1. With each pseudo-label sitting 7 Å past Cα toward Cβ, what's the ASP152-ASN196 distance in nm, one decimal?
2. Just to confirm a number: summing +1 for Lys and Arg and -1 for Asp and Glu over residues other than ARG134 whose beta-carbon lies under 14 angstrom from that of ARG134, what do you get?
3. Calculate, for LYS358 and ARG236, the FRET efficiency according to 1/(1 + (r/R0)^6) with r their C-beta to C-beta distance and R0 25 Å; round to the nearest 0.05.
4. Sequence neighbours fewer than 8 away in the same chain don't count; with that in mind, list the aspartates and glutamates whose C-alpha is under 15 Å from LYS212.
5. Using the beta-carbon distance between GLU347 and HIS168 and R0 = 30 Å, what value does 1/(1 + (r/R0)^6) give for FRET efficiency, to the nearest 0.05?
6. Quick one: accessible area per residue over the chain, 1.4 Å probe, rounded to a whole number of Å²?
7. Could you give the nm distance between label points at ARG134 and ASP404, where each point is 7 Å from its Cα heading toward the beta carbon?
8. Determine the calculated [θ] at 222 nm for the chain from helices alone, applying -39500 (n - 2.57) to every DSSP H run no shorter than 4 residues and normalising by the residue count; nearest 500 deg cm²/dmol.
Amino acid sequence: MNQASTSKKALIIGGGIAGPVTAMALERAGISPIVYEAYDESAGLAVGAFLTVAVNGLDALRVIDGAHQPVLAAGFPSRNIEFFSGTGKHLGSVPIGGTLSDGTVTHTIKRADLYRAVHDEAVRRGIRIEHGKRLVDAEGRPDGGVVARFEDGTRAGGDLLIGADGIHSATRRIIDPDAPEPRYTGLGNIGGFTRNASIDAEPGLYNMVFGKRAFFGYTVSPSGEIWWFANPPSARELARAELAATTTGQWKQRLIELFSGDATLAVDIIRATTHELAGTNQYDMPSVPTWHKGSMILIGDAAHAVSPASGQGASMAIEDAVVLARCLRDLDDTYEAFAAYERLRRERVERVVAHGAKFSASKAAGPVARVLRDLMLPRILKHQANSGRSDSMEWLFNYRIDWDEKVAA
Ligand SMILES: Cc1cc2nc3c(=O)[nH]c(=O)nc-3n(C[C@H](O)[C@H](O)[C@H](O)COP(=O)(O)OP(=O)(O)OC[C@H]3O[C@@H](n4cnc5c(N)ncnc54)[C@H](O)[C@@H]3O)c2cc1C
């Protein structure tokens with residue numbers, strides 16, 4: 001295997017999902033990574049409830065010497081979603097991806113556990129992750145390299161810088177001060193866990209309800225814990241201070257009001273949840289025009305945040321990481337490697353963002369659109385579930401990365 005860039009040093013900004021996975025992939029490609037994460041070890045872990053890592057994301061992780069194993073160990077298999085209307089009408093069932101050759105299917109995992117799994121696996125492989133390092137600026141060096149400057153006054157130099165710093169990326173603004181801001185989707189996000197309600201459901205099966213006033217979803221873990229989320233609509237993006245000031249009691253009251261007219265278990269589940277709840281706004285990034293400049297590039301949510309409705313944000317970040325490592329392995333010229341990466345990734349990730357945006361919009365439908373949606377959805381879901389059809393979801397889930405295939409300029 002040609003490892004043209006053996007001596008290169010990569011500065012990776014962000015220790016979320018894309019950061020540690022990129023570091024592991026680069027290590028495999030013969031490039032030396034260091035990850036710089038803004039928060040201390042425990043921060044970030046409390047944010048968000050749970051997510052799915054789809055088969056395409058798991059397969060990409062597997063490429064880097066079985067890095068999917070800790071993720072599988074921390075999550076549980078999730079094969080299907082059952083959709084219902086607020087009246088309780090069954091709208092259809094869709095698989096969340098197929099089955100990999102070794103029998104692996106899409107997994108559901110607590111967000112904190114996913115972060116911990118990829119972080120700890122990277123550290124176990126000897127990768128250096130520095131915490132408390134918030135990037136504030138970066139500039140190219142005359143020799144083609146790059147210098148990063150952190151909030152604590154320290155600096156770091158490398159041959160290239162990879163911005164894996166999430167949807168509110170500082171790297172994105174450094175690469176292009178005119179880069180677009182994240183787009184608010186009109187929905188909020190809130191989720192939790194409870195063992196205090198009893199539900200007779202197959203573990204791992206998702207039950208999602210297009211309620212009259214809001215969208216609700218839940219699944220039951222193999223240990224019997226109910227994992228749930230809701231998307232309360234709001235025409236207005238809630239200010240950070242407003243979100244922080246909203247108490248758990250206020251969130252519960254709002255959610256119970258939203259779901260009380262629906263034929264679902266949402267109200268029981270929300271009432272049974274005893275831990276603190278924190279709501280967030282939901283965003284996506286449809287198209288970021290400039291992904292790279294000089295020796296700096298964006299990956300993951302920094303380049304193309306998909307709405308959580310797609311269930312693919314983590315998987316896209318993982319795919320990005322592995323593809324970028326292949327490009328840097330095979331193309332010694334950093335610009336050529338970045339251009340090849342963009343060529344290989346842009347169309348796919350923008351298609352996933354558009355797919356997620358469409359699904360998000362259907363969650364916030366008004367009364368007329370709701371009737372149409374509930375009429376049309378059974379047909380659409382049936383088609384999506386059929387493999388081989390042009391409108392099936394195979395394009396999304398059947399994406400596989402061949403690590404050994406050489407990337408051409
Ligand atoms: C509620 C919710 C539900 C979701 N559900 C799903 C789902 O079901 N399936 C799915 O695949 N995806 C889901 N997602 C999306 C998924 O979490 C993201 O797409 C994924 O985390 C992107 O990974 P990333 O590494 O690019 O960014 P992040 O995970 O956001 O990581 C970025 C990291 O960079 C750090 N950072 C930020 N700024 C700086 C800086 N200046 N300097 C240094 N470090 C910095 C941050 O602290 C963070 O650790 C969901 C997201 C949310 C919010």
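The values are calculated or read from the model by the stated rules, or taken from the named source; none is laboratory data. In this text, all values refer to a predicted model and were calculated from it rather than measured experimentally. As a convention, Cβ positions derive from the backbone with ideal geometry for all residues, glycine included, and neighbour counts pool all protein chains shown. For accessibility, only protein heavy atoms count, side chains too; no ligands or nucleic acids. Shrake-Rupley method; radii C 1.70, N 1.55, O 1.52, S 1.80 Å.
1. Here the answer is 4.0 nm between the modelled labels.
2. Residues near ARG134 contribute -3 overall.
3. Once rounded, the FRET efficiency stands at 0.70.
4. Cα-Cα hits under 15 Å: GLU257, ASP262, ASP374.
5. 0.75
6. 42
7. It works out to 4.7 nm between the two label points.
8. So the helix-based figure for the chain works out to -11000 deg cm²/dmol.
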